[in-house]
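This report concerns only the one structure given below.
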Amino acid sequence: IIDPTDDNFMYGALYYGDIRRSTNGGSPFGGISGSISETGAWVTPYKLDPNDPNRMFAGYDNVWRSDNVKGGTPSWSQISNFSGTSNITDLAIAPSNSAVVYVSRANNSQRFLRSTNATGGSPKWTNLTSSLPVSSTPKDIEIDHTDPTHIFVAIGNDIYESTNSGGSWTNISGTLPNISLNTIVIDKDSPLEAMYVGMDAGVYY
């Protein structure tokens, strides 16, 4: 990640959630996740708040938040208390409202969750697992840039859309091939609301 407001600040990570930061354009990088007491997945999701470059969310077994990620030694707070020790697969912050965060996990009973006060002192989480269209873990979550209730998820070989914060879903895979669908990107500047989808074989538009 490159800080969109100051390209001296860059973030990268090694396996299991070892997040690194550079404050001078990439030389050198130093670890900033040392105070997090959990281990993340091989590829641990971590995201800068699109509205506040001082804030970062990271997904391990739980969601952790730093409100001073650009500071000397960032402090981290655990802002969820999920069941089990299943790693978080993906997390997404609503560009139009940073308090809205969606999370997917490799956990049968808590595979998809949402917070509407993730930037607050005591975030609460709603379990949306029962509303998922299939019994798999979303591999990628993408949120509409202007509407935090309008979301897309990549599950298995399909892409699903929800217009009510994950309460119900519509399969919008259309003519996409029946192969693993891994990532979704919405072009926020496109007048056509363009979307790009990364699959095991190729990128689709």
Q | Candidate values (i) 132; (ii) 123; (iii) 147, label of the one derived for volume of the Cα convex hull per residue in Å³ | A | (ii)
(Q) Can you order the peptides 26-32, 100-106, 79-85 by their average number of other Cβ atoms within 10 Å per residue, highest first? (A) 100-106, 79-85, 26-32
Q. What is the diffusion coefficient of the stretch 120-173 in µm²/s, taking the Kirkwood radius over Cα pairs and the Stokes-Einstein relation at 37 °C with a viscosity of 0.692 mPa s?
A. 278 µm²/s
Q | the stretch 101-109 - phi-based ³J(HN,Hα) in whole Hz, Karplus 6.51/-1.76/1.60, Gly and Pro as x | A | 10, 10, 9, 10, 9, 8, 9, 4, 8
Q: Give the distance, in whole Å, between the Cα centre of the stretch 1-69 and the Cα centre of the stretch 154-205.
A: 26 Å
**Q.** For MET195, distant residues with modelled amide H under 5 Å away
**A.** ASP187
Q. Using θ = phi - 60° and the Karplus form 6.51 cos²θ - 1.76 cosθ + 1.60, what ³J(HN,Hα) does each residue of the stretch 47-53 get, whole Hz, x for Gly and Pro?
A. 9, 6, 4, x, 10, 8, x
Q.
Per residue of the stretch 90-96, what does 6.51 cos²θ - 1.76 cosθ + 1.60 with θ = phi - 60° give for ³J(HN,Hα)? Whole Hz please, x for Gly and Pro, Karplus curve as stated.
A. 8, 9, 9, 10, 5, x, 8
Q.
I need the peptides 174-186, 152-164 ranked by packing, meaning the mean over residues of other C-beta atoms within 10 angstrom, with the highest value on top.
A. 152-164, 174-186
Q.
Can you give me the long-range amide H partners of THR44? Hydrogens built in the peptide plane at 1.01 Å from N, cutoff under 5 Å, separation of 5 or more residues or another chain.
A. TYR16, GLY17
Q: For ILE88, enumerate residues with amide H under 5 Å from its amide H, sequence gap 5+ or separate chain, H modeled in the peptide plane.
A: ALA41, TYR60, ASP61
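Cα gyration tensor of the stretch 1-66, axes a ≥ b ≥ c as square roots of the eigenvalues: rounded (a/c below 1.5), prolate (a/b > b/c) or oblate?
Since a/c reaches 1.5 but b/c is at least a/b, the shape of the stretch 1-66 is classed as oblate.
Where a number appears in this text, it was derived from the coordinates with a stated rule and is not lab data. Just so it is clear, the structure is predicted and the values come from calculations on it, not from any experiment. Neighbour counts are summed over all protein chains in view; Cβ atoms, including those assigned to glycine, are modelled from backbone coordinates with ideal geometry.
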